[in-house]
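Down below is the structure, laid out as structure tokens.
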Amino acid sequence: MRRVEYERLGQEGFFDDDERVELLEGVIVQMSPRGTRHDAAIERLNRFFVLALADRAVVRPQLAYAASDISEPEPDLAIVAAGDHDLAHPAEAFLLIEVADSSLSKDRRVKGRIYAAAGVPEYWVVDVTAGAIEVSTNPAGDAYGETRVARRGESIRLQAFPDVEIAVSDVVH
């Protein structure tokens, strides 16, 4: 399935209001249920980035990202350039973040592949169970060239905004 068809289905009310789905590599996929640790991490990240980035970028929590003609995931957090998103979902991002509780494998493999192929320069997987953040950079084709794991006691600087630094322990408790 193509993204335009998926969006048309949504506009026509094909999906139930409480149905959480996203388009990944041409397939409509049910999203994993969210737990409290998942939501709390998103809340902390959202608050931090809104304050830290102010008017330099837009923070989009759990909103569509136009990754390709066949993928429209809804990352847990997207840091994108300011712009008018009334007519189209953003197709470029400074940083995409997935918070993983039960979705770790999908976030690492499937979404990592999608985001790398879209040229997203920095992708984080927040592993709430392990209390760590996997930071992937240097996309080439459908893979990231570098991935490092930051744990409690460490901090991460954003590639696009090197003056912005967040402690892992401020995200996962």
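The values are calculated or read from the model by the stated rules, or taken from the named source; none is laboratory data. What you are looking at is a predicted structure, and each value in this text was computed from that prediction instead of being measured. Note that each Cβ is placed from the backbone with ideal geometry, even for glycine, and that neighbours are counted across all protein chains shown.
Miscellaneous remarks
- Residue satisfying all of: in the range 1-36; surrounded by 15 or more Cβ atoms within 10 Å (Cβ to Cβ) and among the charged types (D, E, K, R); nearest to ASP127 (Cα to Cα) among these: ARG34
- Any hit, the range 49-64, residues being among the polar types (S, T, N, Q), modelled with pLDDT of 95 or more and farther than 21 Å from GLU165 by Cβ: yes
- Flag set for THR147, criterion: more than 15 Å from the chain's Cα centre (by Cα) and of a type in the set (S, T, N, Q).
- Flag if LEU96 is crowded, with 20+ Cβ neighbours inside 10 Å, among the hydrophobic types (A, V, I, L, M, F, W, C) and under 23 Å from GLU146 (Cβ atoms): yes
- The range 53-75, subset over 15 Å from LYS111 (Cα atoms) and in contact with a strand residue (DSSP E or B) (Cβ under 8 Å, 6 or more places away or on another chain), residue surrounded by the fewest Cβ atoms within 10 Å (Cβ to Cβ): PRO61
- In the range 145-170, of all residues being among the aliphatic types (A, V, I, L, M) and assigned to a loop (DSSP other than H, G, I, E, B), the one that is nearest to SER68 (Cα to Cα) corresponds to ALA160.
- Residue within the range 95-114 that is of a type in the set (Asp, Glu) and either in a strand (DSSP E or B) or touching a residue at least 40 places away in the same chain (Cβ under 8 Å) (or both) present: yes
- For the range 115-144, taking the residues that are on the phi > 0 side of the Ramachandran plot and outside any strand (DSSP E or B), the one that is nearest to the chain's Cα centre (by Cα) is identified as GLY119.
- Taking the criterion of being under 27 Å from GLY83 (Cβ atoms), under 15 Å from the mean Cα position of the chain (by Cα) and in contact (Cβ under 8 Å) with a residue 40 or more places away in the chain, the residues of the range 1-38 that qualify are GLU22, LEU23, LEU24, MET31.
- Those residues of the range 66-106 which are among the charged types (D, E, K, R) and more than 16 Å from THR137 (Cβ to Cβ), in sequence order: ASP69, GLU72, GLU74, ASP76, ASP84, ASP86, ASP101, LYS106
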